[in-house]
Structure formats: structure tokens, C-alpha cells
Amino acid sequence: MARAATTQRKIVVTTAAWIVGLLIFFPILWTILTSFKTEGDAIAFPPSLFPPHWTLENYFEVQSRSDYFRHFVNSVVISIGSTVLALLIAVPAAWAMAFSPTPKTRDIMMWMLSTKMMPAVGVLVPIYLIFRTLGLLDNVWGLMVILMLMNLPIVVWMLYTYFKEIPVDILEAARMDGATLGKELVYVLVPMAVPGIASTMLLNVILAWNEAFWTLNLTAARAAPLTAFIASYSSPEGLFWAKLSAASTLAIAPILVLGWISQKQLVRGLTFGAVK
Amino acid sequence: MATRQTKALARAMMAPSIIVLFVWMIVPLVLTLWFSFQRYNLNYPERSGFVWFRNYYFFLTDPAFLQAIGNTLILVVGVLVITVVGGILLALLLDQPIWGQGIVRLLVIAPFFVMPTVSALVWKNMMMHPQYGIFAWISKTLGLPTVAWLTDYPLASVIIITAWEWLPFAALILLTALQSLDEDQKEASEMDGANFVNRFIYIILPHLARAITVVILIETIFLLSVFAEIYVTTQGGPGYSSTNLPFLVYVQALLNYDVGGASAGGMVAVVLANIVAIFLIRIVGRNLDA
């Protein structure tokens, strides 16, 4: 009796959850399905959920008409480049703060977080002018540095919360067993730190990939990553939905997969360790 | 001896981060402040000079500014209400035993990973388009008049798009917090005959309080700077009806080339964000001590 009630309840809850989930996911699903339609079918009325005539034409068209691949490479270079740069600077800092904290560490952490609060528009004008003077507008390297700076506080914070969880006792145990500093680092610390560094990296790549203030304002044609490339579709009053959908699908697919993999770490990274 | 060495090493390890962030934060900010007191338009380089607070005066008395501030606040509050309330409901739903829970979770968080320009364009064209959009199709099917979302309700449209992007964030964090709720406590209250409403008010909500605060504060930081969603959809229009502060500064700087005015606007945005930041830092800081 009680069991029947719980099963019944589970059916109801499951149905509700799936409906809500599909509704929320619908715009993405719709985009993916539209990318396989012909342009005519894409704006057909009434719309059909599944493409009446499946085609890969749009994907080829996007590439041949607008050199999609170059923008994709820009996105990869900028997001991975800025992440690696940030890690190079942040790993030592987070390490030092986690393992030899001083009374000032807390203030430094807080100050770093506060730089993240600065709205980008507050510094848009000088950055734009500096970039113009240095010839860094529409330049992949310039953008890489800006995004590194944007995300550096999050990276330091996230690494810090991971490093904090590495038990220091284990170092002493290793030392007692006669491990040298070098061995200690290679065999004990690095293996324990790698998962934290990896998830920090993942989150940062996601953030950099989707960043859409600096990428829109500091690039034109040459260095434009996918965010800016997709935005360029907004001007022609669109009857290019199938192509737009193909370009969008390609732009979000890699990061959607990465995001799904890293969803657990995401909560922690985005709340600066406040919710785990 | 070893400690002094360690300390020096620790300092050396932290130095690059601190220096880089310091330069990134201070130099442009000082420049913005400096420009904000200058008459400085890239179109008229010959007209220049120190004008004290005139840029602020023009910016703050410009009707567009008041409207932009209003829109910024409506946007932030609107999205917050939708995402927090929706997020709590979603989290409660997903916390139940469901078949295929993992997949539903993936479906729900997916929008958060979609780049803002894509979500804005998809919504603009495929959902809200007055002729071919899904909403138009629903209206027509139900025999209702179709709505030109982006021209008739521009700000509401931007709010809907932005809320769609941030709802997963709220839901994911609240769900994580919900899952850390002690099962025993839940069961005990159920045994005591507490109904759902009571359980929600006296046990679940207090448990979620901190997570909700964190969601509100972090979202506020990002929502104060919503840009791409407006840039791609309404371009701030019609008129200034969907222009928020970041977009106004962008128009002033990169379209009107008014460096002085834009800088003054930028400084106003900095002040606004700082007010929010003070609260956020306190909360996160408290967590650091715990």
C-alpha cells in the first residue's frame, strides 16, 4: 500500500521533472534540430519538430561562406591560452596561500575577489584606448591577456579551496619515510593537486569560451572568437535560421559537453567555495 | 631559518598574481577616473581640457541615464526573482527520487553553458520572432494575436532570455545545498507529522538561506553587467527602453566616441557594483573563517 503510493508519487514527480527539463532544454534542442533542416523548412509554418528533409548542407555552408573554422580556432586559442596563463600565475599563489598562510592571506584573498566585482564597463574606455594605441585591437593575444585577468581571481580562489583540502600531515609522513622535497612534490603533492587543477582549468575554459563583453568590444573580423562571430548573424534580418542554427550548434557543442562533465566542480568554483 | 625561507618563497609565489591584478585593477580605473574629468571626444580631438564634474553632470542629468539605471535595476531584480523562485522550485523537484535524474539534471543545467550571443540570437529569432517564432506559433494555435516581443516588450524579453541563462545556475547551486540537508532531520520532521509547507518554511528554507544569499549576490554581480543579450537583440531600443548602464556606456564610448562621458558613466557603474560587492565579500568572508 505504502509502496504503491511511493511508486505512484515517483511516476508523477518523474513526469513533472521531465516536462520541466525538456521545456528548459527546448531552445537548445530546437536549435540543434533546425540546423539539420533546409532554410525553407526552418521557417515553415506550422513548424515541424523534426526536419522533414535531414540535411548537413548548413554545416558546409557555414564553413564555406564565413570561414567558421578560423573563429573556432580563435575561441580555442583564446580560452585555452588564457586558462594556461592564469594557471601559471595562480597555482604558485594559491599554493603559497594554502600551505603557508600568514595573517594577511585572508585580506589578500578578499582583495582578489573584489577585483572580480569591478564591472567591465568601468575600464572599457582606457583598455580600448590602450589597445588601440598598442595595435592590440582585434588581436588574439590581447584578448587572451584580458580574459586571463578577468578570471584570475576565480582561478586563485578555486585552486585555494582545493589545495586547502590536501592534508598537510601526509607530507610529514612522507618526510618521516625519508622522502626528499623533490620526491615529496612528485609523488605526494602533485597527484593530490591534479584533480583540483583540472577542474579549475575546465571551469575557466568554459567561462573564457562564453565571455561576451570583451570579445565583442575588442575584436572585429580577424581575431573574433565564436561569441563575436555568432553576434555577426544578428544584423541581417534573418531568414538564415538553419545556418545560424548550424553555427550555434557547433559553437555550443564542445562547451556543453565540458560543462556536463564538470557540473559538480562548477558549483564550488562559481560560489568561491561557499557552496560545496 | 627554514620559516624565513619559506616565507620569502611564499611571497615570491604570490607576487605575480598580486602585481598583475593590482595593475589590471588600478591603472585602467585611474585612467577612467582621469578621463571622466576631461573633455575628450575622439571625433573632436582639438576640444579638450579639464572640466571637473561636467561629464558627470551631463551624464547624470541625461534622461537616458535615469532610464538606463532604472532598466538596470529592473533587469537585475526581475531576473533574480525569476531565477531564485524558479531555482528553489526546480531544486525541490529534482531532489525527489526520479527515473533518469541524471539526464534531467543535464537538460536543466544546459542553458548555463550556452554562450550569451547564441542564446540571445536563438531566442530572438526562433522563439520570439513575431512571424516564425515558437511563441507566435503557440499564439496562433490558440487563436491569440501574436506579439512582437522585442519591439513591444523589449526589456521583458531581455529579462526572459537572461533568466533562462541563469535559472540553471540558481537551480544547480540550490540543489547542491538541498542535497546536503540532513536526511534524519527530514525524516524526523515527517514522523512528527509536519506537512510539506511547514517542513519547507521551518527546515528547508533556513537550510537554503545561505545558498540563496550566495546565488543572489553572485548573480547580481553578473547581471549588473549584462551586455551581449542586449547587444544582439534590441540594441538597447526602441529608444532607450532596453538600455542598461553597461550598454549606455558602450554606446557613449564606442559609438559616440565620447570618452569623457563614457568614463563618467563607467565610474557610476563601478560605484554601483561596489555597493553590491561589499555585501558579497562579507558573506563569502564569513564562510572563509568557518
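The values are calculated or read from the model by the stated rules, or taken from the named source; none is laboratory data. This structure is a prediction, so every number in the text was calculated from the model and none was measured. We place every Cβ from the backbone using ideal geometry, glycine too, and count neighbours over all the protein chains shown. To get the accessible areas, we keep the full protein, side chains included, count just its heavy atoms, and leave off ligands, DNA and RNA. Shrake-Rupley method; radii C 1.70, N 1.55, O 1.52, S 1.80 Å.
Yes or no: the stretch B:153-165 includes at least one residue that is within 8 Å of chain A (Cβ to nearest Cβ) and of a type in the set (Val, Ile, Thr).
Of all residues in the stretch B:153-165, those within 8 Å of chain A (Cβ to nearest Cβ) come to B:164.
Filter once more, keeping what is of a type in the set (Val, Ile, Thr): none.
Checked the stretch B:153-165: no residue is within 8 Å of chain A (Cβ to nearest Cβ) and of a type in the set (Val, Ile, Thr).
Consider B:Thr162 carefully, then state whether it is assigned to a loop (DSSP other than H, G, I, E, B), over 17 Å from B:Leu92 (Cβ atoms) and not aliphatic (A, V, I, L, M).
no
Name the residues in the stretch A:244-268 that are open to solvent by less than 40 Å² (accessible area, probe 1.4 Å) and facing chain B (nearest Cβ under 8 Å), would you?
Within the stretch A:244-268, A:Leu244, A:Ser245, A:Ser248, A:Ala251, A:Ile252, A:Ile255, A:Leu256, A:Gly259, A:Gln263, A:Leu266, A:Val267 meet the criteria.
Which ones in the stretch B:223-275 are within 22 Å of A:Lys116 (Cβ to Cβ) and charged (D, E, K, R)?
B:Glu229
Yes/no per residue for (1) more than 10 Å from chain A (Cβ to nearest Cβ); (2) at pLDDT 90 or above; (3) closer than 28 Å to A:Ser245 by Cα:
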| site | (1), (2), (3) |
| --- | --- |
| B:Val79 | yes, yes, yes |
| B:Val85 | yes, yes, no |
| B:Ser119 | no, yes, yes |
| B:Met126 | no, no, yes |
| B:His129 | no, no, yes |
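Checking the condition among the charged types (D, E, K, R), closer than 30 Å to B:Val249 by Cβ, more than 7 Å from chain A (Cβ to nearest Cβ) and open to solvent by 10 Å² or more (accessible area, probe 1.4 Å), which residue from B:Arg54, B:Arg105 passes?
On the way: B:Arg105 fails: closer than 30 Å to B:Val249 by Cβ.
Step by step, each of B:Arg54, B:Arg105 is checked, and only B:Arg54 is among the charged types (D, E, K, R), closer than 30 Å to B:Val249 by Cβ, more than 7 Å from chain A (Cβ to nearest Cβ) and open to solvent by 10 Å² or more (accessible area, probe 1.4 Å).
I need the helices (runs of 4 or more DSSP H) fully contained in the stretch A:189-274, keeping only those with at least 2 residues that are within 16 Å of A:His71 (Cβ to Cβ) and out of contact with any helix residue (DSSP H, G or I) (no Cβ under 6 Å at 6 or more places or on another chain).
Filter on the stretch A:189-274 gives A:241-261.
Any residue in the stretch B:261-278 that is under 13 Å from B:Phe247 (Cβ atoms) sitting within a Cβ distance under 7 Å of a residue that is polar (S, T, N, Q) and surrounded by 24 or more Cβ atoms within 10 Å (Cβ to Cβ)? List the pairs, counting only those 6 or more apart or interchain.
Once the first residue is under 13 Å from B:Phe247 (Cβ atoms) and sits in the stretch B:261-278, its partners that are polar (S, T, N, Q) and surrounded by 24 or more Cβ atoms within 10 Å (Cβ to Cβ) give B:Ala262/B:Gln252; B:Gly265/B:Gln252; B:Gly266/B:Thr32.
Looking at the stretch B:110-146 only, could you name the residues that are aliphatic (A, V, I, L, M), surrounded by 17 or more Cβ atoms within 10 Å (Cβ to Cβ) and not in a helix (DSSP H, G or I)? First the steps, then the outcome.
Just the residues of the stretch B:110-146 that are aliphatic (A, V, I, L, M), to begin with: B:110, B:114-115, B:118, B:120-122, B:126-128, B:134, B:136, B:138, B:142, B:144.
Right, trim to surrounded by 17 or more Cβ atoms within 10 Å (Cβ to Cβ) and you get B:110, B:114-115, B:118, B:120-122, B:126-128, B:136.
Once the filter is applied, which keeps residues that are aliphatic (A, V, I, L, M), surrounded by 17 or more Cβ atoms within 10 Å (Cβ to Cβ) and not in a helix (DSSP H, G or I), the stretch B:110-146 yields B:Val114, B:Met115, B:Met128.
Please give the number of the condition A:Gly21 fails out of (1) modelled with pLDDT of 85 or more; (2) open to solvent by 40 Å² or more (accessible area, probe 1.4 Å).
That leaves (2) as the condition not met.
Of the residues A:Leu149, A:Leu171, A:Leu143, A:Leu129, only one is surrounded by 16 or more Cβ atoms within 10 Å (Cβ to Cβ), without any contact (Cβ under 8 Å) to a residue 24 or more places away in the chain and under 18 Å from A:Ala212 (Cβ atoms); which?
Answer to the selection: A:Leu149.
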